[in-house]
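Please treat every number below as a calculation from the coordinates, not as lab data. This one's a predicted model, so the numbers in the text were calculated from it and none came from an experiment. In this analysis, Cβ positions are derived from the backbone assuming ideal geometry, glycine residues included, and neighbour counts consider all displayed protein chains.
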Amino acid sequence: MNAHYPNMLAPLDLGFTSLRNRVLMGSMHTGLEEEKGGYHKQAAFFAARAKGGVGLIVTGGIAPNYAGRVHAFASQLSFPWQVKHHRIVTDAVHAEGGKICMQILHAGRYAYHPISVAPSKIKSPITPFKPFALSARGIRKTVRDYANCAALAQKAGYDGVEVMGSEGYLLNQFLCARTNKRDDDYGGSLENRARLPLEIVRAIRAKVGDNFIIIFRLSMLDLVEGGNDWDEVVQLAKWLEQAGVTIINTGIGWHEARIPTIATSVPRAAFAGITERLRGEVSVPLIATNRINTPEVAEQILSSGQADMVSMARPLLADADFVVKSEAGQRQQINVCIGCNQGCLDHTFKMKRATCLVNPLACYETDLHLTPDSSGRTVAVVGAGPAGMAAACYAAERGFDVTLFEARDELGGQFNLAAKIPGKEEFQETLNYYRNRLKQFGVTVKLNHSANCEELKQFNERIIATGVVPRVPPIEGIERANVVTYQQVLRGEVEVGQRVALIGAGGIGFDMAEYLSEAHQSPTLNAPKWLAQWGVDLAYQQGAGLSERDPSAFESAREIYLLQRKSTRPGKDLGKTTGWIHRAVLKDRQVKFVTGANYHKVDDQGLHISQEGKSSLIAVDTVVLCAGQESNRSLSEQLTAAGVSFSLIGGAELAAELDAKRAIRQALEAVVAL
């Protein structure tokens, strides 16, 4: 038994086969499924996770027929000629000692194409097409298509399949009265609503035999009106066990639910209690999921008996070696998922290849390589924000002699500030990771040191990551004491009054509004408080696990105005999968949004503005500048003038729409190019 995380690393006996540990790499779509050469890219991606020790991998969703595709060009497994392509993936995983299941996903009314089908002709609020209601004949064909898809997956070498029955996709749509208005044998009572999923499981089991894993991802918490109640969830689980499933995975929330389920602001393991409630009701292993991102959280879930396995998708995107590092007692070397969604889900919903903010190598295993370098070259990296720290680590990993210069007295740059925002506490994990990695690779770190042109000439290579400075707009009175920058606020250098105007409603403005309005401890650090804030009841006193929201969550520590020059909706450029959460929180706290603002002056009375030619005064104590950033290029300009070569990355290269995802990616590319 492993001394570090004995429960997480214990094998799981499934009877006909055994998993080497209790870690499931949960399903997530990467976009590699549809790319040219995508099977070879997937093979490298999954093989890295198998080599990293994952007990069982589940692929992104593969449709059993054309109507089930998530979009018109999404992956489908229906024909024998497709088997050889999938074999590339399974062979690669098995070569590394891993096991892999293919997820069968039918999108139902969530499909982004005009021939979508569903139990009833009810349009989804998150897709543009109204689905066709499946006929009885269509249902019979769907059952056959699922069974055929599973049989082909078995021929392709998969160790099993996961049947997607949660998150509001087709089978979940049949299971819930919200979307199932049928009056035939597949609608009405729970027994009828469950008929299709159970017929599918039985048909798959009959096709693949006993020695093949069937996971069913059951929605244990729908979080939408018209969702199932707890007694129905228990009954479904029992029927699924009788139908022949090997494992039941947990699904949390429909995609259309207005409750966050996987964003960084969700407390760690916030929903593990719902999986625990099902234990004892069935004898098949149960998997807990959502916001499980460190080995200690996984160990706690398993050691306390909340589940038999833990599902981690994005954490294994962030670090392919999560399991082997845990096994070796190298917790501090794990690159922890911060739940930002910027490189994974936001990319997926934009039809782009997924990757990871903290690990830009993810899904680019065949494109980017940190090849060892024995030349003995010296590399100077200037600026120790995310871009600079990443560059220093990547360069040292390749074998260069690296010195990292930082003008301030601490590492981290903008990430130190981001980690202070309620709901972004996870960002501290990335800072810890880089600090430990710098030590691991023996990088020379010089704090309180502003590198100059002359000393940088002594190095063979130079990477400049001097970051950004807040943009100060030309407004009369901007130099007054009651006008401060967001950096000064977050560093605790200034006092902020009870009435505040924030100039700039981009990501920084929204972060500052959350920071200054939070009246209590961050809900992210207090799961019961967070669940009450969003109206989630794990005790299931009402259907779908919904309850009245706690009004104390709407309290604001300050009266806040969030202003922008544009007339567009505030926050429209925030992340696709997380922006709505930030807008909802600020709306709850009655933050006042002001659009189309022209700023005239700041005085003792407050901020004077005009909108559409009409002047007004916003009476506030403090004005906080969140009006974007400008590149800090003084050093790079000196180097250019002196004819010294360098690479410019991160905010120093481009301040507009700065994000850490781009900065860390540029760091990797700059080092690969050395």
Legend entry - Rounded if a/c under 1.5, otherwise prolate or oblate - region 218-279, Cα gyration tensor axes: prolate
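Does the chain come out rounded, prolate or oblate by the C-alpha gyration tensor, with a ≥ b ≥ c the root eigenvalues, rounded set by a/c under 1.5 and, if not, prolate when a/b is larger than b/c and oblate if not? Each step should come with its number before you reach the end.
On the way: a/c = 2.03, a/b = 1.38, b/c = 1.48.
The shape class here is oblate.
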Inset, instruction - Find how much the distance from HIS85 to MET351 grows on full extension, using 0.36 nm per residue of separation minus their present alpha carbon separation; answer in nm with one decimal. - result: 93.6 nm
Legend entry - Computed FRET value (nearest 0.05) for GLU35 with ALA95, which takes r as the C-beta separation and R₀ as 22 Å: 0.50
Legend entry - Distance in nm between pseudo-label sites at VAL672 and ASN460 (7 Å out along the Cβ direction from Cα): 2.1
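Please arrange VAL382, VAL484 by how many other C-beta atoms lie within 10 Å of their C-beta, fewest to most.
Least to most surrounded, the residues fall as VAL484, VAL382.
I'd like the trypsin sites (Lys or Arg not before Pro) in region 175-259 restricted to DSSP loop residues with at most 16 other Cβ atoms within 10 Å, sorted by number. Before the final figure, lay out the partial values.
Numbers: sites: ARG178, LYS181, ARG182, ARG193, ARG195, ARG202, ARG205, LYS207, ARG217, LYS238, ARG258; in loops: ARG178, LYS181, ARG182, ARG258.
Filter output for region 175-259: LYS181, ARG258.
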Legend entry - Distance between modelled label sites at HIS600 and GLN330, nm, 7 Å Cα→Cβ extension: 6.2
Legend entry - Out-of-range pairs (alpha-carbon distance over 19 Å; input LYS207/LYS238; LYS51/LYS84; LYS350/LYS661): LYS207/LYS238; LYS51/LYS84
Legend entry - Net lengthening on full extension, LEU368/VAL469 (0.36 nm per residue, minus Cα-Cα): 33.3 nm
Legend entry - Anisotropy class of region 541-663 from Cα gyration tensor, a/c 1.5 cut: oblate
Inset, instruction - Restricting to the chain, compute how many DSSP beta bridges are antiparallel as a %, nearest 5. - result: 20
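SER616 to GLU281: extension gain in nm, 0.36 nm per residue of separation minus the Cα-Cα distance?
Details: separation 335, 0.36 × 335 = 120.60 nm, distance 6.30 nm.
Between SER616 and GLU281, full extension yields an extra 114.3 nm.
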Legend entry - Nitroxide proxy distance, nm - points 7 Å out along Cα→Cβ at LYS155 and LEU654: 4.6
